């Protein structure tokens, strides 16, 4: 419902802009849609068409849509923006930061309606949100500015709120505008923020323990790819919103989205995210950033492998997954990387387990421990593989490691219940 309201509001802005720009009755308006992210084109245009229909504008009758996009490279997006200007569209709808910047550079006269998460004031595209000036208007998703408002709402729900825990996997969260906005709101409320930045499954569990010990009265969870993957929250993973940053950082979100989508059965969405990873890799390759291009290629191969596996293409899936693991094995972890998002040997083990090849799965899980020890998903996967093989000794070893890893936290997770039930029988 929230997305539906936002898109209808967005269509209203387009409608108002058309009427301000041209009041002729009977005119067929030509609307240019410029969308950088390939995985956004289809769902956005479908919703946009419906929103315009609700306002009486029907494609082929009184509006014509010129749709361009699906490119992550800034130069290519600029070409597409220039192409729309050349078509003499009446208005350009720019979705995402790259599309907005390209459209703004391409024309200062054609009205531009934006839908972006990046702050258009800070980027110099508009004078202010109240009076943007120039030829740009639209919808700005004020996720950062709303952070402080969320704290105010929490204070209404929890009278006497004095301590708020914030869970995030971003190690530099305290340097972000979102944190600064939250801190300012907390100061007004007389509350203190407790920032926790768990990076691994065991530290996530310990973070919850720390929240209880410090007496936090409320918890805010900042959505993150790592948290969604570690918890197996596939719907949350698939729903992560891309927030344009660097190509390597963007790739983490698209990889997580792809894995979430394929795990919940939406292979079409997963494939769109795989295509986006390919585009990001090409961008890095062209800018001669080989290391990061390789990291994105590892993620692309892995995501493509799981799409193939979901489509029943076992041989192709295993070939892609093994090549992703081999490429990661040959790649040193960069100093800027906190930890690998999802070790590929571990992910290969999970695929083999799903394909009912427990012997090979156990081999891959154990190989993954060399580079990525003490992982919740790794220990659980190894225990399950050993259990299927009837190897009670190894099953016991890995379930014991799993229980020890989370000895003081999150004991009710299904995996933990399963581990304790097995150990209680022995």
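The table below gives the values:
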| read-out | value |
| --- | --- |
| Checklist (1) outside any helix (DSSP H, G or I); (2) under 16 Å from the mean Cα position of the chain (by Cα) applied to residue 271, failing item | (1) |
| Meets criteria (surrounded by fewer than 19 Cβ atoms within 10 Å (Cβ to Cβ), outside any helix (DSSP H, G or I) and modelled with pLDDT of 80 or more) for residue 66 | yes |
| Qualifying residue in the stretch 286-297 (condition: modelled with pLDDT of 90 or more, out of contact with any strand residue (DSSP E or B) (no Cβ under 8 Å at 6 or more places or on another chain), surrounded by 18 or more Cβ atoms within 10 Å (Cβ to Cβ) and under 26 Å from residue 379 (Cβ atoms)) | yes |
| Conditions (1) surrounded by fewer than 22 Cβ atoms within 10 Å (Cβ to Cβ); (2) on the phi > 0 side of the Ramachandran plot; number of the one not met by residue 108 | (2) |
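The values are calculated or read from the model by the stated rules, or taken from the named source; none is laboratory data. Everything quoted here is computed from the prediction, not taken from an experiment. Here the Cβ is made from the backbone with ideal geometry for all residues, glycine too, and neighbour counts use every protein chain on show.
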